[in-house]
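Reviewing the structure listed below.
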2 protein chains.
Amino acid sequence: MERLLTNNKYSGEDNKHYEGAYTQGNGYLNLRATFEEDLSGATQNDLYWRLPANVTLEKARHPKSKWGLYVPGVYGVHPILGEEIVNLPYGIGINLYSGGERLDMEESDYGDFSRSLNLSNGLLTRALVWRSPEGDIAVTFRRYCSLQHKHTIVQEVELCSASNAELEFESFMDAGVTTNGYSHITDRCGAYRDGLELYASTDSEQRIGMASRCFGGALGEARFEPMDVNGRIRETFRVGLKAGETVAIRKYVWVATSADEDYRGGIEEHLAAVVRASAPDEADFSVHEKLWKDKWNRSDIVIQGNEQLQNSLRFSIYHLLRSANESDKVAIDAKGYAGEAYFGHYFWDTEIYLLPFYIYTQPEYAKKLIAYRYRTLQGARENARRYGYAGARYPWESCVTGTEQCSNWQYADLEIHVTADVVYGLAHYCEATGDREFLLGPGLEMMVETARYWVSRIDRIDGEYRLMGVMGPDEYLPYTHDNAFTNYMVKFSLRKTLETLELVKTAGEPDCTAPLGVTAEERTMFAEIANQLAFGEDAERKFVAQCAGFEDFLDVDFDVVWTDRSKPFGQFISQERNYRSKALKQADVVALLYLFRDRFDEETKRNCLAYYEPITTHDSSLSYIFHSLLYNEIDDRDKAYAFLEKSLELDLGRKGAAEGIHIANSGGIWQAVVLGMGGFRGLADSDLLDVKPRLPDSIRALEYNVCVRGKWHRVAATHEGVQVKELIEERGRKD
Amino acid sequence: MERLLTNNKYSGEDNKHYEGAYTQGNGYLNLRATFEEDLSGATQNDLYWRLPANVTLEKARHPKSKWGLYVPGVYGVHPILGEEIVNLPYGIGINLYSGGERLDMEESDYGDFSRSLNLSNGLLTRALVWRSPEGDIAVTFRRYCSLQHKHTIVQEVELCSASNAELEFESFMDAGVTTNGYSHITDRCGAYRDGLELYASTDSEQRIGMASRCFGGALGEARFEPMDVNGRIRETFRVGLKAGETVAIRKYVWVATSADEDYRGGIEEHLAAVVRASAPDEADFSVHEKLWKDKWNRSDIVIQGNEQLQNSLRFSIYHLLRSANESDKVAIDAKGYAGEAYFGHYFWDTEIYLLPFYIYTQPEYAKKLIAYRYRTLQGARENARRYGYAGARYPWESCVTGTEQCSNWQYADLEIHVTADVVYGLAHYCEATGDREFLLGPGLEMMVETARYWVSRIDRIDGEYRLMGVMGPDEYLPYTHDNAFTNYMVKFSLRKTLETLELVKTAGEPDCTAPLGVTAEERTMFAEIANQLAFGEDAERKFVAQCAGFEDFLDVDFDVVWTDRSKPFGQFISQERNYRSKALKQADVVALLYLFRDRFDEETKRNCLAYYEPITTHDSSLSYIFHSLLYNEIDDRDKAYAFLEKSLELDLGRKGAAEGIHIANSGGIWQAVVLGMGGFRGLADSDLLDVKPRLPDSIRALEYNVCVRGKWHRVAATHEGVQVKELIEERGRKD
């Protein structure tokens, strides 16, 4: 199984697309596919103010290249943007010099350029022939982030010169790196002990240590240079090349931080331990490959008759596998740790878009995502208190503490559906994995605390329970009352809370509710709000209104306003006008009807799609997938497939991925294939393993695995029928 | 007439109050009453990020002292806050040294401290006895901003030593000054030519030049020091003091900028011309005093039987006189140029709070304020275009260009009533002054262009004209529909536009409408919206609802939430909760009912006050005055006076004025006295000179002037009756 993404031409125009799309990761660190060497005109230490503007419409900096090495859990404190992921010092730097010229993709003369990412094993390769002052030199860079030794990045440079040549090989690490234009590094220093060492502190008082060693028979003696004013340290070697001979040089980079679960003592000691535990070994790569293979064995999907979909799908699965963390101190950020556009923050994406993939194919990682929310429950409580409410209120943008990190008040204050979404995800996870221990312990605590928040947040107006002043998933209406999505989610989360409280009782297990102190009055309130909270369903018209008074918002004539559909609608209208118009940023009722697909009838789904789809701009990358899924629900396979195709373009299109992977969309693509056309209904809101594929014409057959309550099933679907086979080898244990 | 404000104790705790309250100005420059000498622990070049937070609730920096020298029209460009007034280099610096010790209000030993501001002539005096290493030295600082030579600040230091002493007298200018934590100075240099010269450029590419000269027989030879790294230049003199002899040293400071109307050539040449035109002359002060007297003669109010009100009122009038600019390139900023808290921006304050004082007592300055809006009409057009509308849309926060400068979208985008307020002010000015030329020329253009904006901004929903998604004067409801204040203002402004168009026709004057291209269809639309725009008046209940659905907002129990009424309510509730509660920041319907006092009957006023006053927090300084004025309307003199008293405290209370003068409140105080208790009804919305005083018990008699259509009237009111006397000497011309 050789699955390669390949590109044969470097251009400053689209280089960042490849940097993002080819990002590597191993559950500890993530590394953008930037070049080892410096690139002219692509400084990495620019300072500027990234303001809390509308990220969707913002123009990104760094046109050609943006280094990115991220260890989730290492964060800084930005005065405007809050807790923010830190772009770590660039440890993998390698510059090559020949006759005074530095190899540079912008300036050098070279040919036969190619770069590729092997999705099967995360190996990144770049090859080119450098027309150097000393003649043609074939250069190949390879690197991978070891799955075996997760603190380690292994690099190789292969050199073959047409004539005798003497190169200079410079290995560097650079702490002069900014994150979104801000330097979170408060101090830094270099050292030399058989190789480079770099230590840095962040403004959150975390410590970072990095070490590197270069190996290779051709290397001369190392010449170390202490840290320069820009924060760079380097060691330089002479490399003698004989005509026609191939020479390989390896560089190992180790990354350790004080945020590591096993951090002890000082950073130097910790780094030394990390280096000792993962000493270079030629056999590493095969172990690494084997570990990748195991991941793929669980999560791969095989499609027949549609190579494009097959490849795009594997691209998404690769990033879902690559970005899942071993630690549950963190979740998966909106850019899949392939860029810093969303500051390393976690959104509702986690539960609604990402979780299903992990629940059904990597349940241990699903548990980490749920556990992350439990770890930040204290922050959510603090959050509720700050806003003036009881219980726990999950933040719209979450980072390490669980307090609100979103710097735009309209999202931070109003997009409160996330708190109910967390419970939706929790319930889904527990139902599908059968993790009763989590449900009745931490899960129930989360449910009860969020339920208490809802009780204090919801108003009773003229005898009716209402949820006033909220923003739904459609962020183009900033301030609405009784958003249908939010209210229904709240009802669901309160019902689940009551069911779980009941479960504790019937199970006769030690009564977990007592420590939570849930009173009879509270249960009554939970039930009353679950039943009576306003919900804008028109049973007669078979229609759900997005919010109270939705009809009063302004109709927009897209043909007049949106003159170039290749750009977001939001660029063609002022925020003020957009905010009072019926143009939707993304699926709102459409998402609701899919997420609770068993509770709404087909006519309602049809009516709502017919009404909302034409006024939806899909300015958010979160929109297509729910359209695909809901069209699938009403068996409109062409439309379902058309929306899936659009979502495939988001990162694979040449404009995509530059600032990171739309990882929620990746999770959504998996859902559209498995839960959509693949017909696996999931267990978010039902308890049946019920598979009804709806393959589009362009697909001959589809095979995928799902793990339900610890049992693995292989589903093989064709246009003729479906086969569900329980896998005897229980992969969840064995692998 | 000697009207002194006096303080006899320096304390770092309240020093900034005096700096703001004793601010001087002359229509060209404004100078906070900061000390001449450096103050320990009060650095002036701090760099920090002032974020677009809620200014009302923000904690100010610079706890002890903030230099402030402002020439309105000199502005910088702040990356977050937009066009911003620039705190100019500090030209008036004087340090005194004795035996190696520097005189310092924080560190030195001194006694008999006093400082005072003479409201009659703007003279600031500070006296103290310095227990210097050389013995007691009586030191008196005096300074004024010349009304005769407006580019000139005149300073004097009087020294009298108990024993022979030799002081060092250091005159300095300092360009290392930041504005709201930001340095708008891009380059700076010093020079020496008979005195100090300092040149600087701003990031808006304006140029600033300053010169100073020191005079006095006691001065030894000057020793000049070139600019240091912090941007300071200085010249030092030895001063020999003989025991018991009084020595006076004068320092003249000239300020010139490329924003001056008469700027020609380079800044050096311009500064030289300014210095030449205002060479030091001992007679200056009497001319200056005479000019101040003329201002007071028009604007003073004499109150009998209430000294506190008399003094407070004169404090307000002083600042209104001091902050009015000679140039119509600028208006009067929210802090009366006595601080930079609101970045030097102009709000609806201009038309609604400030304009009446000027219209009726300083009509030339009223015209400048109106002319400022005309000068920024092009910016307002650009603004409308950016938002996607026709015509002209005045910005919520205006500065030099007229485009929106507010960095919080909810105000910038939604507080659109300002566009109608501008027309209200324009109509008021034209009606009261009879300035038909302005009305039919620039005024009509402003009216028509804003009317066009309204036509494109207003929606027709189910056959009804509605104004959706706005913020009214009450900024604690961020996003409402059909705010009564806004809608009524819009109706008024459209009616005025139609009336003025009609006036052009009936006057038989050259048809000004032709160049504006007003079509018959436009007139029809103006009329239709003026008549039919939604307005939430309940004729039966005699009540006006603040906005559509106001009743659905949450009731707040102030006793529970607002536990310390000495602090703003907004500090006790999260913005989110506040935004969906019925707590009002400030007068909204109450302001409307006063501004259109002849259109609403007394019962409506009573009902609305009874309903809205208890839920109004008065977190904005703009609130009290309209409560005072509307209570006066329903003849509740006690309440009217109580609210007036609260407004007097805003700047005169020890917590006030530190970041500048609440100049809108100053204008409001004048209104509460003249238009409120004084009974002059003004001509904003009627055409009668109709005086019906309603003096509270605590006032025996009241005398004031008003100028109506070029004729000056003196009103003398007592509890027994009122006398209105037309002044034969027409002051508007003669003075």
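The values are calculated or read from the model by the stated rules, or taken from the named source; none is laboratory data. Predicted, not measured: the structure shown is a model, and the values here were computed from it. Here the Cβ positions follow ideal geometry from the backbone for every residue, glycine too, while neighbour counts run over all protein chains shown. The accessibility values were calculated without ligands, DNA or RNA, using every heavy atom of the protein model including side chains. Shrake-Rupley method; radii C 1.70, N 1.55, O 1.52, S 1.80 Å.
When A:ARG276 is evaluated against the numbered criteria (1) surrounded by fewer than 13 Cβ atoms within 10 Å (Cβ to Cβ); (2) of a type in the set (Lys, Arg); (3) in the same structural domain as A:ARG143 (by TED's automatic domain parsing), which criterion, by number, is the only one it fails?
In the conditions (1) surrounded by fewer than 13 Cβ atoms within 10 Å (Cβ to Cβ); (2) of a type in the set (Lys, Arg); (3) in the same structural domain as A:ARG143 (by TED's automatic domain parsing), A:ARG276 misses (3) alone.
On the given criteria, is A:ARG238 closer than 23 Å to A:ASP203 by Cα and in contact with a strand residue (DSSP E or B) (Cβ under 7 Å, 6 or more places away or on another chain)?
Values: closer than 23 Å to A:ASP203 by Cα: no; in contact with a strand residue (DSSP E or B) (Cβ under 7 Å, 6 or more places away or on another chain): yes.
In short, no.
Residues that are more than 30 Å from B:GLU551 (Cβ to Cβ) and either more than 14 Å from chain B (Cβ to nearest Cβ) or among the aliphatic types (A, V, I, L, M) (or both): which helices (runs of 4 or more DSSP H) entirely in region A:391-477 hold 3 or more of them?
Result: A:417-433, A:444-457.
Looking only at strands (runs of 3 or more DSSP E) that fall completely inside region A:1-113, which ones have 2 or more residues that are touching a residue at least 24 places away in the same chain (Cβ under 8 Å) and closer than 29 Å to A:THR401 by Cα?
A:75-78, A:82-85, A:90-98
Residue under question is A:ASP538, and the condition is that it be away from chain B (no Cβ under 14 Å), closer than 29 Å to A:SER456 by Cα, open to solvent by less than 60 Å² (accessible area, probe 1.4 Å) and within 27 Å of the chain's Cα centre (by Cα); does it hold?
Details: away from chain B (no Cβ under 14 Å): yes; closer than 29 Å to A:SER456 by Cα: yes; open to solvent by less than 60 Å² (accessible area, probe 1.4 Å): yes; within 27 Å of the chain's Cα centre (by Cα): no.
Considered against the rule, which asks whether it is away from chain B (no Cβ under 14 Å), closer than 29 Å to A:SER456 by Cα, open to solvent by less than 60 Å² (accessible area, probe 1.4 Å) and within 27 Å of the chain's Cα centre (by Cα), A:ASP538 comes out as no.
Filter region B:150-173 for residues that are over 30 Å from B:GLY244 (Cα atoms) and open to solvent by 10 Å² or more (accessible area, probe 1.4 Å) and give the result.
Hits for region B:150-173 are B:LYS150, B:HIS151.
Filter region B:370-387 for residues that are open to solvent by 10 Å² or more (accessible area, probe 1.4 Å) and over 27 Å from B:ILE80 (Cβ atoms) and give the result.
Once the filter is applied, which keeps residues that are open to solvent by 10 Å² or more (accessible area, probe 1.4 Å) and over 27 Å from B:ILE80 (Cβ atoms), region B:370-387 yields B:ALA371, B:TYR374.
Considering only region A:535-569, state which residues are part of a helix (DSSP H, G or I) and free of Cβ contacts under 8 Å to residues at least 60 places away in the same chain.
A:GLU551, A:ASP552, A:PHE558, A:ASP559, A:VAL560, A:VAL561, A:PHE569, listed by residue number.
Report, ordered by the first and then the second residue, all pairs with beta carbons closer than 7 Å, sequence separation of six or more or different chains, a first member in region A:369-390 that is more than 14 Å from every other protein chain (Cβ to nearest Cβ), and a second member that is surrounded by fewer than 21 Cβ atoms within 10 Å (Cβ to Cβ) and hydrophobic (A, V, I, L, M, F, W, C).
A:ILE370/A:PHE438
In region B:326-338, which residue that is among the small types (Gly, Ala, Ser) and farther than 20 Å from B:ALA658 by Cβ is least open to solvent (accessible area, probe 1.4 Å)?
Restricting to residues being among the small types (Gly, Ala, Ser) and farther than 20 Å from B:ALA658 by Cβ, the top hit is B:ALA331.
With the requirement that a residue be away from chain B (no Cβ under 14 Å) and out of contact with any helix residue (DSSP H, G or I) (no Cβ under 6 Å at 6 or more places or on another chain), what does region A:569-595 give you?
A:LYS585, A:LEU595
Quick one: would you say A:LEU147 is farther than 24 Å from A:ASN311 by Cβ, assigned by TED's automatic domain parsing to the domain that holds A:PHE35 and at pLDDT 95 or above?
For A:LEU147, the condition - farther than 24 Å from A:ASN311 by Cβ, assigned by TED's automatic domain parsing to the domain that holds A:PHE35 and at pLDDT 95 or above - is not met.
Look through A:VAL706, A:VAL673 and report the one residue that is under 15 Å from A:ASN306 (Cβ atoms) and crowded, with 22+ Cβ neighbours inside 10 Å.
A:VAL673
Go through region A:248-271 residue by residue and tally those that are over 22 Å from A:ARG143 (Cα atoms), in contact (Cβ under 8 Å) with a residue 24 or more places away in the chain and in a helix (DSSP H, G or I).
3
Could you grab me the full set of residues in region B:339-367 that are outside any loop (DSSP other than H, G, I, E, B), open to solvent by 10 Å² or more (accessible area, probe 1.4 Å) and farther than 16 Å from B:GLY27 by Cα?
The one that is outside any loop (DSSP other than H, G, I, E, B), open to solvent by 10 Å² or more (accessible area, probe 1.4 Å) and farther than 16 Å from B:GLY27 by Cα: B:ASP349.
Among the residues of region B:609-618, which ones are within 26 Å of the chain's Cα centre (by Cα) and surrounded by 22 or more Cβ atoms within 10 Å (Cβ to Cβ)?
B:THR616, B:THR617 - these are the residues of region B:609-618 that are within 26 Å of the chain's Cα centre (by Cα) and surrounded by 22 or more Cβ atoms within 10 Å (Cβ to Cβ).
For A:LYS646, indicate whether it is farther than 28 Å from A:LEU426 by Cβ, without any contact (Cβ under 8 Å) to a residue 40 or more places away in the chain and open to solvent by less than 40 Å² (accessible area, probe 1.4 Å).
no
Has region B:300-308 got any residue that is touching a residue at least 12 places away in the same chain (Cβ under 8 Å), assigned to a loop (DSSP other than H, G, I, E, B) and within 14 Å of chain A (Cβ to nearest Cβ)?
Checked region B:300-308: no residue is touching a residue at least 12 places away in the same chain (Cβ under 8 Å), assigned to a loop (DSSP other than H, G, I, E, B) and within 14 Å of chain A (Cβ to nearest Cβ).
When the residues of region B:272-296 are filtered to those that are assigned to a loop (DSSP other than H, G, I, E, B) and free of Cβ contacts under 8 Å to residues at least 24 places away in the same chain, which remaining residue is nearest to B:VAL330 (Cα to Cα)?
B:ALA279
In region B:200-247, what residues are in contact (Cβ under 8 Å) with a residue 60 or more places away in the chain, open to solvent by 30 Å² or more (accessible area, probe 1.4 Å) and either on the phi < 0 side of the Ramachandran plot or within 39 Å of the chain's Cα centre (by Cα) (or both)? Before the answer, list the steps.
First, the residues of region B:200-247 that are in contact (Cβ under 8 Å) with a residue 60 or more places away in the chain: B:200, B:202-204, B:206-213, B:215, B:230-247.
Checking which are open to solvent by 30 Å² or more (accessible area, probe 1.4 Å) leaves us with B:203, B:207, B:213, B:215, B:230, B:234, B:238, B:240, B:242-246.
Within region B:200-247, B:ASP203, B:ARG207, B:ARG213, B:PHE215, B:ASN230, B:ARG234, B:ARG238, B:GLY240, B:LYS242, B:ALA243, B:GLU245, B:THR246 meet the criteria.
Can you give me the number of residues within region A:605-620 that are among the charged types (D, E, K, R) and either out of contact with any helix residue (DSSP H, G or I) (no Cβ under 9 Å at 6 or more places or on another chain) or assigned to a loop (DSSP other than H, G, I, E, B) (or both)?
Counting residues in region A:605-620 that are among the charged types (D, E, K, R) and either out of contact with any helix residue (DSSP H, G or I) (no Cβ under 9 Å at 6 or more places or on another chain) or assigned to a loop (DSSP other than H, G, I, E, B) (or both) gives 2.
Which one of these does A:ALA390 not meet: (1) touching a helix residue (DSSP H, G or I) at 6+ places or on another chain (Cβ under 7 Å); (2) of a type in the set (A, V, I, L, M, F, W, C); (3) open to solvent by less than 20 Å² (accessible area, probe 1.4 Å)?
Exception for A:ALA390: condition (3).
Under 9 Å between Cβ atoms, at least 6 apart or on separate chains: pull out the pairs that start in region A:321-334 with a residue that is not assigned by TED's automatic domain parsing to the domain that holds A:ASN665 and aromatic (Phe, Trp, Tyr) and end on any residue that is open to solvent by 10 Å² or more (accessible area, probe 1.4 Å) and modelled with pLDDT of 95 or more.
Taking only residues 6 or more apart or on different chains, not a single pair turns up.
If you take the residues of region B:478-493 that are polar (S, T, N, Q) and either under 28 Å from the mean Cα position of the chain (by Cα) or away from chain A (no Cβ under 14 Å) (or both), which of them is nearest to B:ALA420 (Cα to Cα)?
Filtering first and then ranking leaves B:SER493.
When the residues of region A:415-454 are narrowed to those that are among the aromatic types (Phe, Trp, Tyr) and over 10 Å from A:GLU351 (Cα atoms), which ends up surrounded by the most Cβ atoms within 10 Å (Cβ to Cβ)? It would help to see each step written out before you state the result.
Here is the first cut: in region A:415-454, the residues among the aromatic types (Phe, Trp, Tyr) are A:424, A:429, A:438, A:453-454.
Among the residues that remain, those that are also over 10 Å from A:GLU351 (Cα atoms) are: A:438, A:453-454.
Details: A:PHE438: 19, A:TYR453: 25, A:TRP454: 28.
Among those residues, the one meeting the criterion is A:TRP454.
Within region A:654-662, is there a residue that is within 21 Å of A:ASP300 (Cα to Cα) and not β-branched (Val, Ile, Thr)? Reasoning before the result, please.
Going through region A:654-662, the residues within 21 Å of A:ASP300 (Cα to Cα) turn out to be A:661-662.
Checking which are not β-branched (Val, Ile, Thr) leaves us with A:662.
So far as region A:654-662 goes, yes, one or more of its residues are within 21 Å of A:ASP300 (Cα to Cα) and not β-branched (Val, Ile, Thr).
If B:LYS639 satisfies every condition in (1) buried (at least 23 other Cβ atoms within 10 Å of the Cβ); (2) in contact with a Phe, Trp or Tyr (Cβ under 6 Å, 6 or more places away or on another chain) but one, which is the exception?
(1)
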